[in-house]
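Asks: Supplied in structure tokens, the structure appears directly below.
The values are calculated or read from the model by the stated rules, or taken from the named source; none is laboratory data. Just so we're clear, the structure is a prediction, and the values are computed from it rather than from any experiment. We place every Cβ from the backbone using ideal geometry, glycine too, and count neighbours over all the protein chains shown. Areas reflect the complete protein model, heavy atoms only, side chains present, ligands, DNA and RNA absent. Shrake-Rupley method; radii C 1.70, N 1.55, O 1.52, S 1.80 Å.
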2 protein chains.
Amino acid sequence: MRLFLCRGLLLAGFGLLTFAAQAQTAAPTKTDSINIRRLYDEALLRGQSYDNLRHLTGRIGARLSGSPQAQQAVDWGKLTMEKLGLDRVYLQEVMVPHWVRGAKEKGEIKPAKGKGIELNVCALGGSVGTGGKLRAGVVEVKTWAELAALPAEKVKGKFVFFNRPMNPTYVETGRAYGEAGDQRRNGAIEAAKRGAVGALVRSLTLAHDDFPHTGTMRYDEQVAKLPAAALSTNGADQLSQLLKADPGLTFELEMSCETLPEVKSYNVVGEITGSKYPAEIITVGGHLDSWDLGQGAHDDGTGCVQSMEVLRLLKATGLRPERTVRAVLFMNEENGVRGGEKYAALAKATGEKHLAAMESDGGGFTPRGFSIEAPAAVVQHMQQWQPLFVPYFSGAFEAGHAGTDIGPLKDQAKALIGYRCDSQRYFDLHHTAADTFDKVNRRELELGGASMASLIYLLSKYGL
Amino acid sequence: MRLFLCRGLLLAGFGLLTFAAQAQTAAPTKTDSINIRRLYDEALLRGQSYDNLRHLTGRIGARLSGSPQAQQAVDWGKLTMEKLGLDRVYLQEVMVPHWVRGAKEKGEIKPAKGKGIELNVCALGGSVGTGGKLRAGVVEVKTWAELAALPAEKVKGKFVFFNRPMNPTYVETGRAYGEAGDQRRNGAIEAAKRGAVGALVRSLTLAHDDFPHTGTMRYDEQVAKLPAAALSTNGADQLSQLLKADPGLTFELEMSCETLPEVKSYNVVGEITGSKYPAEIITVGGHLDSWDLGQGAHDDGTGCVQSMEVLRLLKATGLRPERTVRAVLFMNEENGVRGGEKYAALAKATGEKHLAAMESDGGGFTPRGFSIEAPAAVVQHMQQWQPLFVPYFSGAFEAGHAGTDIGPLKDQAKALIGYRCDSQRYFDLHHTAADTFDKVNRRELELGGASMASLIYLLSKYGL
């Protein structure tokens, strides 16, 4: 145990010494075990995450950055934290993009002969509209190399249809999402470079169904901005099959989405001041904005209510943290990360000392553990606490990516921590109309909040 | 490792020596790791559990022992295994109880003043009917001690309302179910002993909703057989609240359920003969019968399709087992365990050598690991394989209860093994109209089949 600490000091170097409160020992005690049990009991008996989520998803609903609902969510988040009797609740102003889907969104396969076949489509977030109906041939590719190898005349004037499925053999679905996501993000740019008129992208999910999944996309100022839409996986399979028999078919897309001027919005922040080391900050957060389809339940209403619940659990159990614990409802994770960037920039500007930051943005499913982005010695230091989490099935403490909103804090915090829950169902719902409250299980959600609170309690007690 | 084996030999004693094929080493090799990956790949790419379950739940549906649907399920199970090209597929005849719910099932609170309030009720399995409408006062208890302490006149002629909730603080919900289940099983007997006319039982679930949960109950030939019904948790809360304000209210119950003569039914068995030790048998099973509400999806259609999938995965990957692997679809787990008892009795009568038996009857949710009922040395022996399962989130190998249908094999098999998946959602659905196919996630189900096949592969290779 002491060995871990020594290695931590050696590896982390001088930066560590600026923290006043280096823990002498971080080996968990029986008291820790009891206190963690108290946090879980409180969550399972009187947890408020689920009821808070019902309000956020049912009364406010989808809340894309810049929308009136996003502002309602800010007001609600602030009020909800104020009711917790925290030491401080405040807003951080941030300008955010304002993209709107518009009323028209329609896609149809037009076979050479016979009737058109309507497919469920949705504009990717940030896409330009089609300016009326856009009809063109379709060329299907599964890799960038395939696109590059196509003769110019096969692409020019057509829709490029990016149809590479997510890899179903990865047990952790996020890995499959990561690998397939380049099509959605860069499809319109690469299609434009080859003279296409639009991009159609297979939805990023391992489910076989009719929901199109939206999500961010990029443009490159050097090439034309093409409209880009997602097809459901069933729709993509159907289009692919029809193309084989009828390569001359066309696709008609109509989308009235557009980008409006930026809007003033906010991160919502609430904190409990540390009893011993108030200047050392532990952040825990999720993102308050969501895509405009569905209700933003698992993405990321769950992360918001769990982050607020961490503070409530600490208060309700009387476990006043020794370091300052701050819940942040970040604005604009989905299409800009402006809130996350603003939070880190303000922290830097004011010279705040950030011990660690935790993010919950993988859904509110049954807990697994934590993914830690930190030097190996810090990861090992935290792994001493694993045994405390095994009885709650949250004992997976692994090195890995933590989260998007806390990413900008990387150089300021000693550890970034991603709360990890079971990933099997997440991409079935992610960025679709199906991401609704009824998909969330009360106990899974509350257990997640308790897992997060337990690790924050240990961080606040022992430091890093 | 050898130490483990030696201790195994010492503890398990002579019985062990009757197995020809004691493994020299059970430490997993790189080949094992690769073969397990192949099993998972096959399951995730081409798994048939989900499609089989769709058929069983959608085309056949609920299949209580003795019902025409139970017979259809037997025929379907046999045909499905025959299509797998196994070495043997056969039926084991077994007589089963035949209880039917009947057309009438209604419960109503009758306040002293004002209109009646209808509650969702369902007869507990095996209950006698009410013979028309049965109206009586209600006395609520939460413990047996409370019931025993009540003066006789407070109970006589009334419904005893057993309203002890499941304990929400247990992380493993099965534990809470186990502790609260005595009310459902013994409520009618204890109520009868005190002169009551019926039993009303709070549903065994941690959810707050309107579904009543059925399940088995017992009678004692020494006392009257009282009708017994489950109330939903919302209904139970409502009745409890109204009773406080209006202790003189009455409850009217009408149920036309009855027990018919026993019916001939079957276990369905399919097997792959072991390539080296054909006489040593590893059983893997679930139960084919279900309660008559819902579709018997998570209880236990999932266990049936996973057990058959174990055989399919071994065949599809070419991993012919060294010991005989036998999938069993047990009949009548829910209200008699006749199939499980028959299976063990036949095994004993024919002198079969059973190495291990595995059961999947906790739902088709995301895998956790295995619960092992065996001497400590055998558990430790199997725990050597844990590291192979950690990448698949199935690494929890713990000593504990294995399963109801394989229970009768306890003295014949060296290890009984319960497949364990996440338990948070299970009792939301268990024994209700909500236990339907749409609650099952394809990947969670297929991952479970792969976990089970992987452990069976190791058992068939290394023995115990």
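Asks: Only bridges whose two residues both fall in region B:102-256 count here: according to DSSP, what percent of them are antiparallel, nearest 5?
Replies: 55
Asks: Another question about this same structure. Any aspartates and glutamates with Cα under 17 Å of the B:Lys83 Cα? List them, leaving off those in the same chain fewer than 8 positions away.
Replies: B:Asp51, B:Asp75, B:Glu271, B:Glu309
Asks: Where Rh denotes the Kirkwood radius from the mean inverse Cα pair distance, what is Rg over Rh for chain B?
Replies: 1.02
Asks: Nearest 500 deg cm²/dmol is fine: what mean residue ellipticity at 222 nm does chain A get from its DSSP H runs of n ≥ 4 alone, each adding -39,500 (n - 2.57), divided by its residue count?
Replies: Calculated at 222 nm, the ellipticity per residue is -10500 deg cm²/dmol.
Asks: If the label for B:Arg175 sits 7 angstrom from Cα along the Cα-to-Cβ line, what are its distances to the same label in every other copy, in nm to one decimal, shortest first?
Replies: The projected label point of B:Arg175 is separated from its counterparts by 3.1 nm.
Asks: Counting only DSSP beta bridges with both residues in region A:367-455, tell me the antiparallel percent, nearest 5.
Replies: 60
Asks: Right, next: Heavy-atom accessible area of B:Leu447 with all protein chains present, probe 1.4 Å, nearest 10 Å²?
Replies: 0
Asks: Next question. Around B:Ala433, which amide H atoms from residues at least 5 apart in sequence, or from another chain, sit under 5 Å from its own amide H, with H modelled in the peptide plane?
Replies: Amide H to amide H, under 5 Å and 5 or more residues apart or across chains, B:Ala433 pairs with B:Gly294.
Asks: For the protein assembly as shown, just say rounded, prolate or oblate: build the C-alpha gyration tensor, square-root its eigenvalues into a ≥ b ≥ c, call rounded for a/c under 1.5, and beyond that prolate if a/b exceeds b/c, oblate if not.
Replies: Note, shape of the protein assembly as shown comes out rounded.
Asks: Would you mind getting the Kirkwood hydrodynamic radius of region A:331-464 from its Cα pairs, rounded to one decimal in Å?
Replies: Every distinct Cα pair counted, the radius reaches 15.6 Å.
Asks: Oh, and also: On a C-alpha basis, how far is the centre of region A:329-395 from the centre of region A:84-157 in Å? Whole number, if you could?
Replies: Each part reduced to its Cα centre gives a spacing of 31 Å.
Asks: Follow-up question, since we're still on this one. Name the shape class, rounded, prolate or oblate, that the alpha-carbon gyration tensor gives for region A:120-192, where a ≥ b ≥ c are the square roots of its eigenvalues, rounded holds for a/c under 1.5, and otherwise prolate holds if a/b is larger than b/c and oblate otherwise.
Replies: Note, shape of region A:120-192 comes out oblate.
Asks: So, one more: Net charge around B:Ala413, counting only other residues with Cβ within less than 13 Å of its Cβ (Lys, Arg = +1; Asp, Glu = -1)?
Replies: 0
Asks: Quick check: net charge around A:Ala224, other residues with Cβ under 13 Å of its Cβ, Lys/Arg +1 and Asp/Glu -1?
Replies: Counting the neighbours of A:Ala224, the net charge comes to +1.
Asks: What's the FRET efficiency of B:Lys410 with A:Gln386 using the Cβ-Cβ distance as r and R₀ = 41 Å, to the nearest 0.05?
Replies: That gives a FRET efficiency of 0.75.
Asks: Here is a further query. Over both sides of the A-B contact, add up the buried accessible area with a 1.4 Å probe and give it to the nearest 100 Å².
Replies: Buried: approximately 2700 Å² between B and A.
Asks: Expressed as an acute angle from 0 to 90° and rounded to the nearest 10, what is the orientation of the C-alpha long axis of helix A:233-245 relative to the principal long axis of chain A?
Replies: 30
Asks: What distance in nm separates the two pseudo spin-label positions at A:His55 and A:Lys156, each 7 Å out from Cα along the beta-carbon direction?
Replies: Simple spin-label model gives 6.0 nm for this pair.
Asks: To test your reading of the geometry: what angle, between 0 and 90 degrees and rounded to tens, separates the Cα axis of helix A:173-193 from the longest principal axis of chain A?
Replies: 40
Asks: Still on this model: When each copy gets a label point 7 Å from Cα toward the beta-carbon at A:Lys142, what are the spacings between them in nm, shortest first?
Replies: Ordered by increasing distance: 6.0 nm.
Asks: Please work out the average accessible area per residue across chain A, using the 1.4 Å probe convention, and give it in Å².
Replies: 37
Asks: Take the residue pairs A:Lys106/A:Lys244; A:Lys193/A:Lys348; A:Lys264/A:Lys348; A:Lys244/B:Lys78; B:Lys104/B:Lys193 and return only those whose Cα atoms are more than 30 Å apart.
Replies: Over 30 Å apart, Cα to Cα: A:Lys193/A:Lys348; A:Lys244/B:Lys78.
Asks: Provide the net charge surrounding A:Glu322, with neighbours chosen by a C-beta distance below 9 Å and charges set as Lys +1, Arg +1, Asp -1, Glu -1.
Replies: Neighbour charge sum, excluding A:Glu322 itself: +3.
Asks: For chain A, with all protein chains present and a 1.4 Å probe, just round the carbon and sulfur fraction of the accessible area to a whole percent.
Replies: That fraction is 53 percent.
Asks: Classify region A:102-256 from the C-alpha gyration tensor, please: rounded if a/c falls under 1.5, else prolate or oblate depending on whether a/b exceeds b/c.
Replies: rounded
Asks: Taking the mean number of other Cβ atoms within 10 Å as a proxy for protection, how do you rank B:44-51, B:147-154, A:329-336 from highest to lowest?
Replies: Details: B:44-51: 18.6, B:147-154: 12.1, A:329-336: 28.1.
In descending order of packing, they fall as A:329-336, B:44-51, B:147-154.
Asks: Here is a follow-up. Viscosity 0.890 mPa s, temperature 25 °C: Stokes-Einstein D of region A:211-344 from its Kirkwood Cα radius, in µm² per second?
Replies: The estimated diffusion coefficient comes to 132 µm²/s.
Asks: Modelling each spin label as a point 7 Å along the Cα-to-Cβ direction, I'd like the A:Asp75/B:Thr31 distance in nm, to one decimal.
Replies: Taking the two extended label points, one gets 6.9 nm.
Asks: Hey, with R₀ at 35 Å, roughly what FRET efficiency would A:Trp144 and A:Ala376 work out to, going by the Cβ-Cβ distance, to 0.05?
Replies: 0.55
Asks: Could you compute how much accessible surface A:Lys348 exposes when probed at 1.4 Å, giving the result in Å² to the nearest 10?
Replies: Rounded to the nearest 10, that gives 150 Å².
Asks: Let me ask another. Of the DSSP beta bridges with both residues in chain B, give the percent that are antiparallel, rounding to the nearest 5.
Replies: 50
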